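Read the structure below first, then the notes.
The values are calculated or read from the model by the stated rules, or taken from the named source; none is laboratory data. Note that the structure is predicted; figures quoted are calculated from it, not measured. Cβ: placed from backbone, ideal geometry, glycine included. Neighbour counts: every protein chain shown.
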Amino acid sequence: MSSSGLLWSCASQEPKPALLLLRKALVWPHPGAGQAFMLLWVSVLVLAPVSGKSEAAAKPVISLHPPWTVVFTGETVTLTCHVLHFHAPEKIKRFLWYLEGRILRETPGNTLEVRDSGQYRCQTQDSLPSDHVSLTFSSANLILQAPPFVFEGDSVVLRCRANAEITLDTTTLHRRGEVLSVSDESSDFRIEQASLKDNGDYRCSGFKNGCCSYSSNTINIEVQELFPRPVLTASLSPTVSGKSVTLTCKTQLPPLRSDVKLWFRFFKDDHMLQSGSESFLKIPTLTTRSRDPPYYWCEAQRGSSGVCKQSQKSQLRVQIPVSRPVLTLSPHGASVPEGHTVTLTCKAESGSFPILYQFLREEVVIQKMEPTRGIKSVMSLRAEHSGNYYCTADNGLGAQRSLPVYLTVTVPVSRPVLTLSPRGALVPEGHTVTLSCKAERGSPRILYKFYHENISLGSRSVLSAGGVSLRVTVTVQDSGNYFCTADNGFGPQRSEAKSLSVKVPVSRPILTIWRPRSQVVEGDVVELYCRAWKGSPPILYRFYHEDNALGSSRVYSRGGASFKLPLSAEHSGKYACEADNGLGAWRSETVSLDVKVPASRPVLTVRTPRAQAVEGDVVELRCEAQRGSPPILYRFYREDNALGSSRVHSRGGTSFKLPLSAEHSGKYACEADNGLGAWRSETVSLDVKVPASRPVLTVRTPRAQAVEGDVVELRCEAQRGSPPILYRFYREDNALGSSRVHSRGGTSFKLPLSAEHSGKYACEADNGLGARRSEMVSLNVTVPASRPVLTVRTPRAQAVEGDVVELHCEAQRGSPPILYRFYREDVPLESSSAPSGGGTSFYLSLTTEHSGNYSCEADNGLGAQRSEVVPLSVIVPASHPTLTLRAPGAQAKVGDMVELRCEAQRGSPPIWYRFYHEDVPLGNSSAPSGGGASLNLSLTAEHSGNYSCEADNGLGARRSEAVPLSMSGLTGSRSGPIATGVTGGLFSTLGFGVVALLLYCRLPRKAGGRPTSDPSRSPADSDVREPVYHNAPAWLELQPVYSNVNPKGGEVVYSEVRRIPQGSKPAANSDSVLGLLRTHLPSHGQAASHRPSDPPGSSVIYSQVKVACPSAYVAPQS
């Protein structure tokens, strides 16, 4: 659309005008040229400077989805590589992705999902790499999210986002350290119509009521220019009606905003020509020159109300040939002193630009200048630079030369020297002073002038070298500085000043206060300067503050006096000074001085709601400077990190409230600043106590299973809590011990274990803010098995082949289950487990091979324990014996000595053998080591008949088969004498055996053995199946043969010896032997119930004889 309305501009400042020169073939009358014409070439020259960016190189652009540069760790961001329109999409076959400058991946499509932090770029096979996009995957509790690029006019969303485990009640957005916005409803913050003022560092913070606060990362937002300032260009274009000028409003959008639609407006002077989406405008060309051509300019705007920028103003003019230039010299004149600089200026009054200027001296080009409106050339002159100078101007339509200018280089006068006569600076009033001035160099003619305080006293001109003089009669007003000048037409030269003083009364002084800064501060040193502009020295200067004398100083020369004053707060007020040279004192006007007091070092007070600050409390930080001019800005710090600030416009301090968390422990300070220097307070330590968390109890054992005797370590540790923490250890709620820890970390308690230590353990952590107890930890103490005891339980006192014995093994201590193993001579027999403790038994049916040493072993996995060895002797009952009769000849005869041999093939010794003739006992004999026994018999006629023998080892007598004996040559009965002889022999044998037994048992007792009355040999220990032996019948008259029966390993020697009353002599002899037995062998009566019926009239003289020596066999104890 087009418009001819009034000007509507989006720019705040008027753009500087530029010039659009239109060269066109026009017939234009040249002034003074009559019918001559100038030919102007048609072209368009844009002189307006191009402001903005050139078209960017062909780069792809990366966009993000979601559009944030900071996300949480574990999330995914999709990168999209956008290719500009001049890359045909169908020609792109691959996309390269870079991370931190290295190739990350090649993809057929233009998207890539990423989860790692770093700088990403993309590239196609025909493009440059894109600009990098930085991504951050954060594990923080709170992050601030922002888009990667922000342009002018954008509506920007900043998102303050907490992780999924945190719910915030309030979020705050900060920019450049200041609070920008606070919200308790939304975590999104919007920046509408972004501009350069929105640049800066942003961060957010969050607060959860009653808990804690969080702070996010910092993001720098830099608002980029959406498009540069437009440039208005003009070009000629043919049309139906002739020629026209096309005005184009040029600017450029960045690749990231290539989809933004711009609105263009064209203006001529104060009227709008066109408004719309088209960036060009056609206007008719100019056909005539105008002294005031119109200005053209354009605007580009984002939409209808977005970013708007304006081009420079430009004019369209017709180009004309250059006029004759004029050369001028500066300084003006035909003569210039040597060494001076002269400026040559060449300017053509008319002509289209650009114009090329040249400077020449005597037809020699001395300088060529770039095209411009007018040109200047500066030269430092020497004498040889004298001559004719001219310049030329050329704009391509014909060069023009200026008129020549002649330049003469002369020698300037040197600096003159002024002398006073008489010499000296102090001259009495009314005296005459001669002033002499002379310049050593300079071209004549030289004009000398004399001055007093810049007032001319007179002048004189000379045509030759040498100076001039001037005589002056001085008055009071003649005091001051004198100088002279010398001038030969190229500028006066001034001499150094000479001072002349005429003594006069002092004038009213002027007080000046020289400050080290615009605002004086307590502690500064100011200088009070007092000076009387008139008055002969010496002058006494006095300084006053509110009419109170401060000090004085006498000055013996011209100039004032100074007084330095270190300032304090009391020095504010009015000051004056006084000057006196003895001709009358004069006081200056008063000068006010306001002294500012810097803020003193503030005092920080931390006010807590209780004696000890605890996490969750709100403490008040109070900062106050006792001295200092208001207003005072107070700042609060923790470990040099700013917490907040407050400005106080009156005396007194300020406070800052802080909800405490564990991280707030540390050193706090505050700062007071009233613009005269900041002072920081001493640090105040704040220890935020954190209640001890629920501790964790760990039981550390030296092995997988705790064993009695081990030392276990009970480790108790609370992960949070301010030290010192008191740890207490409990077993089944019974206190074991405690330990106080003064640093972070837990503590240990070592416990030597016994069986009673099994149970549940706990610990307690207490730092004075409430005790917390850990969860219970069970501890099972395993007790190693003790040395077991093996008991052999037999059905009788003596184990007999065929019996079933019980081997019982039991460990008195030890944690179940216990595995018991039984051994015979270290050879395993059997094993059995006791799951609930106690012992176990093993049953064994005995054979003769089972005699030996037995033991058992107890093992509950903590080491096997072996019992003591228990011997077991298995007795074998005697088998049926075999009786053998051995005669000297083939046929037994009366009077022969026959050997009756009885032997049992099996049976445990000792075996007692009895011999019978027709069931009548003949005698007995013992085999202590096994084997058989013999009985010698001198035959008589009565000995014919059946013989047998009996074998008995205490386990039951076994009778042999009967063996018949018949004799030849019998003449009569001789049974009486034969019987008597046999009986006597038997008793003789028995007597010798008993005596030998007594000697055997008495000797060990005398050598240290146990007496026969040792309780260990009580009758209760005898086997209930001991054999019972009876005395031979009284009618046996053979002499008995006694032998000591001491079975190997056995205990019983004889079971019973009886006395049978007899009237015959052999009986008497036997009685005396048995009397001896009764004297040394006490009787026992337990076995009476197990023997056959006693012979009539007999009495027991010995029941049992036991070996009481140390080698005797001892039965196992059950």
Review point. Which of the residues that make up segment 715-726 are over 22 Å from the mean Cα position of the chain (by Cα), modelled with pLDDT under 95 and buried (at least 21 other Cβ atoms within 10 Å of the Cβ)?
Key: Ile725
Review point. Restricting segment 928-949 to residues that are within 18 Å of Gly907 (Cα to Cα) and at pLDDT 90 or above, which is surrounded by the most Cβ atoms within 10 Å (Cβ to Cβ)?
Key: Cys949
Practice item. Identify all residues within segment 135-165 that are outside any strand (DSSP E or B) and not hydroxyl-bearing (Ser, Thr, Tyr); write none if there are none. Key: Ala140, Asn141, Ala146, Pro147, Pro148, Phe149, Glu152, Gly153, Asp154, Asn163, Ala164, Glu165
Exercise for review: Would you please list the contacts, defined by Cβ atoms under 6 Å and residues six or more apart or on different chains, that run from a residue in segment 339-354 that is among the hydrophobic types (A, V, I, L, M, F, W, C) to a residue that is surrounded by 20 or more Cβ atoms within 10 Å (Cβ to Cβ) and in a loop (DSSP other than H, G, I, E, B)?
Suggested key: Ala348/Val322
Review point. Under 8 Å by Cβ, and 6 or more places apart or on different chains, what pairs join a residue from segment 573-588 that is assigned by TED's automatic domain parsing to the domain that holds Gly559 and assigned to a strand (DSSP E or B) with one that is basic (Lys, Arg) and loosely packed, with under 14 Cβ neighbours inside 10 Å?
Key: none
Check your understanding: If you go through segment 680-709 one residue at a time, how many are in contact with a strand residue (DSSP E or B) (Cβ under 8 Å, 6 or more places away or on another chain) and either surrounded by fewer than 17 Cβ atoms within 10 Å (Cβ to Cβ) or in a strand (DSSP E or B) (or both)?
Key -> 19
Study note, to complete from the structure: Those residues of segment 864-904 which are surrounded by 16 or more Cβ atoms within 10 Å (Cβ to Cβ) and either under 60 Å from the mean Cα position of the chain (by Cα) or aromatic (Phe, Trp, Tyr) (or both) amount to Gln865, Arg866, Ser867
Practice item. Among the strands (runs of 3 or more DSSP E) lying completely within segment 769-826, list those that include at least 3 residues that are touching a residue at least 60 places away in the same chain (Cβ under 8 Å) and under 30 Å from Ala692 (Cβ atoms). Key: none
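Rundown of residues vs (1) modelled with pLDDT under 95; (2) loosely packed, with under 15 Cβ neighbours inside 10 Å; (3) not assigned by TED's automatic domain parsing to the domain that holds Pro702, yes/no style:
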site	(1), (2), (3)
Glu732	yes, yes, no
Val741	yes, no, no
Lys750	yes, yes, no
Glu756	yes, yes, no
Glu764	no, no, no
Asn767	yes, no, no
Arg772	yes, no, no
Pro795	yes, yes, yes
Val800	yes, no, yes
Practice item. Determine the pairs where a residue that is buried (at least 19 other Cβ atoms within 10 Å of the Cβ), located within segment 125-141, has a partner that is among the small types (Gly, Ala, Ser) and in a loop (DSSP other than H, G, I, E, B) with Cβ atoms under 7 Å apart, the partner being 6 or more residues away or on another chain. Key: Ser127/Ala58; Leu135/Ser117
Exercise for review: Identify the residue in segment 611-639 that is charged (D, E, K, R) and within 32 Å of the chain's Cα centre (by Cα) and, among all such residues, is surrounded by the most Cβ atoms within 10 Å (Cβ to Cβ).
Suggested key: Glu615
Review point. Is there a residue in segment 867-881 that is more than 30 Å from Val805 (Cβ to Cβ) and either out of contact with any Cys (no Cβ under 9 Å at 6 or more places or on another chain) or not assigned by TED's automatic domain parsing to the domain that holds Leu965 (or both)?
Key: no
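Here's the yes/no breakdown for (1) under 30 Å from Gly306 (Cα atoms); (2) over 39 Å from the mean Cα position of the chain (by Cα); (3) of a type in the set (A, V, I, L, M):
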site: Ser127; (1), (2), (3): no, yes, no
site: Asp131; (1), (2), (3): yes, no, no
site: Thr136; (1), (2), (3): no, no, no
site: Phe149; (1), (2), (3): yes, no, no
site: Leu158; (1), (2), (3): yes, no, yes
Check your understanding: Given the conditions (1) of a type in the set (A, V, I, L, M); (2) surrounded by 14 or more Cβ atoms within 10 Å (Cβ to Cβ); (3) within 30 Å of Cys763 (Cα to Cα), and given that Leu643 satisfies all but one, which numbered condition is not satisfied?
Key -> (3)
**Study point:** Some residue of segment 168-177 being in a strand (DSSP E or B), touching a Leu at 6+ places or on another chain (Cβ under 9 Å), in contact (Cβ under 8 Å) with a residue 24 or more places away in the chain and basic (Lys, Arg)
**Key:** no
**Study point:** Candidates Ser833, Ser845, Ser879 - the one that is polar (S, T, N, Q), closer than 19 Å to Arg793 by Cα and either modelled with pLDDT under 90 or out of contact with any helix residue (DSSP H, G or I) (no Cβ under 8 Å at 6 or more places or on another chain) (or both)
**Key:** Ser845
**Study point:** Hits in segment 62-94 - residues which are modelled with pLDDT under 90 and not charged (D, E, K, R)
**Key:** His82, Val83, Leu84, His85, Phe86, His87, Ala88, Pro89, Ile92
Revision key, fill the gap. Picking from Val555, Val591, Val525, Val504, the residue that is touching a residue at least 12 places away in the same chain (Cβ under 8 Å), exposed (fewer than 13 other Cβ atoms within 10 Å of the Cβ) and of a type in the set (A, V, I, L, M) would be Val525
Check your understanding: Quick check: is even one residue across segment 630-650 among the hydrophobic types (A, V, I, L, M, F, W, C) and part of a loop (DSSP other than H, G, I, E, B)?
Key -> no
Exercise for review: Could you tell me whether any residue of segment 314-328 is modelled with pLDDT under 85, closer than 30 Å to Tyr390 by Cβ and among the basic types (Lys, Arg)?
Suggested key: yes
